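Worksheet: the structure to be examined is printed underneath.
The values are calculated or read from the model by the stated rules, or taken from the named source; none is laboratory data. For clarity, every value in this text was computed on a predicted model and none was experimentally measured. Virtual Cβ from ideal backbone geometry, glycine too; neighbours counted across all protein chains shown.
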Amino acid sequence: MNDFDFDRPIDRRGTASLKWDKYANRDIIPMWVADMDFASPVALLDALKKRIEHGVLGYTRPPATLVETVVDMLQQQFAWTIQPEWIVWLPGLVTGINVACRTAGNDGDDVVTAVPVYPPFLSAPGMARRELITVPLRWDNTRWHWDLERLEASLTPRTRLLLLCSPHNPVGRAFQRQELMDLIDICERHDMIICSDEIHCDLILDPARRHIPTAAISPAAHERCITLMAPSKTFNIPGLGCSFAVIGNEGLRSRFRQAMAGIVPAVNVLGYTAAEAAYRFGWDWHRALVDYLRRNRDLVFRAISQMLPLQTFLPEATYLAWIDTRGLGMQNPTAFFESAGVGLSDGKDFGTEGYLRLNFGCRRELLEDALGRMQQALENR
Ligand SMILES: Cc1ncc(COP(=O)(O)O)c(C=O)c1O
């Protein structure tokens, strides 16, 4: 088997896949939830097989070799020096977002984020008995940005936490140093904690960009940052539930751990095994993946740009395209494309109506089929 053959069809039907089961027995290509249709690197799958062959799958601590691997990985990939004790293992990033909301401030305090954004950012504050404040991201005809003026104007004395998605799902921005510095500056002036969800940090498609961990930008950022990361998007193992927070500030880390206590379970044994193998042996596969995704991205951009009046932006990162459908003047563009055989995510779940999100983490032939169906549906409209 060629490890880098991302064109290889793998039938995911009948595997209880969240993505594929949504449209079971219907001719709809699923391009919604953010997992990819690719097999993980062979070295990762071999490590899982080896661990299973041992036969005993008992309670498991984070392996010291994994902790070492993550520390090295952050140094090598992002020139970010961390200490092993800053890492808090989590069974999911969404868990981390929810725990972060319970860590910052008290009941009734405010949490701010920018929309559109990954839906759990919008639900977590309420579940933590916090008030949600949203500000729209600003489109400057080239790129999406945080609207710093609106952000600052929206803050109240009770705003204790900023939820940041970097790289950004769904708009695909890889924020640059100055943009992050501006956000850190606002959070410092208003004494806010930053929860920086960096789950897409390894999926930078634009060769001119690189991922910069928010916490690594300055001592001020280090003091107020809860960074959330995982191998799950990068190596396509979200079903294994292994992620981690990096929290340099000891007081903040201890409050975070306290908010988890007795509720958040440990990561499962296979999650740890896969994470270590991925970060140790998965980087050649990862390079080939990013190349493949970049070509998918370019294909999506070209195709959508021709499907007037749809508009899109070339994502710098992620395998997600954020498509402006407002020109269609349609009540329900998601239903329209579903009836054309393509299952996309509805922008209103991300806090912004009139947009769709397309997941292009699939083999090219399937992507071409989906784009062809969309084009045809628009022509026949
Ligand atoms: C920004 C972001 N955070 C978190 C997650 C999910 O994290 P997990 O599956 O580890 O809870 C996703 C998945 O799409 C995501 O895009």
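The table below gives the values:
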item: Helices (runs of 4 or more DSSP H) (entirely within the range 55-155) containing at least 3 residues that are farther than 25 Å from Phe313 by Cβ; result: 64-78, 93-103, 120-127
item: Any hit, the range 209-218, residues being crowded, with 19+ Cβ neighbours inside 10 Å and closer than 25 Å to Asn106 by Cα; result: yes
item: Residues of the range 23-36 satisfying the condition of being touching a residue at least 12 places away in the same chain (Cβ under 8 Å) and either within 15 Å of the ligand (Cβ to nearest atom) or polar (S, T, N, Q) (or both); result: Pro30, Met31, Trp32, Val33, Ala34, Asp35, Met36
item: Per-region count, the range 81-130, residues among the β-branched types (Val, Ile, Thr), within 16 Å of the ligand (Cβ to nearest atom) and under 15 Å from Cys165 (Cβ atoms); result: 6
item: Close pairs (8 angstrom Cβ cut-off, 6 or more residues apart or separate chains): in contact (Cβ under 8 Å) with a residue 40 or more places away in the chain and closer than 29 Å to Leu44 by Cβ in the range 242-256, assigned to a loop (DSSP other than H, G, I, E, B) and small (Gly, Ala, Ser) anywhere; result: Cys242/Ala230; Cys242/Ser232; Ser243/Gly92; Ser243/Ala230; Ser243/Ser232; Phe244/Ala230
item: Options Leu164, Leu151, Leu132: the member that is in contact with a Gly (Cβ under 8 Å, 6 or more places away or on another chain) and closer than 23 Å to Tyr355 by Cα; result: Leu132
item: Residue in the range 48-70 that is touching a Pro at 6+ places or on another chain (Cβ under 8 Å), on the phi < 0 side of the Ramachandran plot and of a type outside the set (A, V, I, L, M) present; result: yes
item: Filter pass, Val342 being crowded, with 16+ Cβ neighbours inside 10 Å, β-branched (Val, Ile, Thr) and over 18 Å from the mean Cα position of the chain (by Cα); result: yes
item: Every residue from the range 295-329 that is part of a helix (DSSP H, G or I), out of contact with any Lys or Arg (no Cβ under 9 Å at 6 or more places or on another chain) and polar (S, T, N, Q); result: Ser305, Gln306
item: Test: residue in the range 346-354 that is out of contact with any helix residue (DSSP H, G or I) (no Cβ under 7 Å at 6 or more places or on another chain), within 27 Å of Ala174 (Cβ to Cβ) and at pLDDT below 95; result: no
item: Among the candidates Arg363, Arg295, Arg373, Arg287, residue that is without any contact (Cβ under 8 Å) to a residue 12 or more places away in the chain and within 20 Å of Asp7 (Cα to Cα); result: Arg287
item: Failed condition for Ala261, given (1) in contact (Cβ under 8 Å) with a residue 40 or more places away in the chain; (2) farther than 16 Å from Ala39 by Cα; result: (1)
item: Residue list for the range 317-366, filter: within 16 Å of the ligand (Cβ to nearest atom), more than 21 Å from Lys233 (Cα to Cα) and not aromatic (Phe, Trp, Tyr); result: Gly351, Thr352
item: Qualifying residue in the range 259-275 (condition: away from the ligand (no atom under 16 Å from the Cβ), assigned to a loop (DSSP other than H, G, I, E, B), small (Gly, Ala, Ser) and buried (at least 19 other Cβ atoms within 10 Å of the Cβ)); result: no
item: Qualifying residue in the range 339-359 (condition: over 25 Å from Asp3 (Cα atoms), acidic (Asp, Glu) and touching a residue at least 24 places away in the same chain (Cβ under 8 Å)); result: yes
item: Scope the range 42-73; condition under 29 Å from Ile247 (Cα atoms), surrounded by 12 or more Cβ atoms within 10 Å (Cβ to Cβ) and not aliphatic (A, V, I, L, M); matching residues; result: Thr60, Arg61, Pro62, Pro63, Glu68, Thr69, Asp72
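For every residue, the table says whether it meets (1) under 19 Å from the mean Cα position of the chain (by Cα); (2) in contact (Cβ under 8 Å) with a residue 40 or more places away in the chain.
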residue: Leu148; (1), (2): no, no
residue: Leu162; (1), (2): yes, yes
residue: Cys165; (1), (2): yes, yes
residue: Phe175; (1), (2): yes, no
residue: Gln178; (1), (2): no, no
residue: Met181; (1), (2): no, no
residue: Cys187; (1), (2): no, no
residue: His190; (1), (2): no, no
residue: Ile193; (1), (2): no, yes
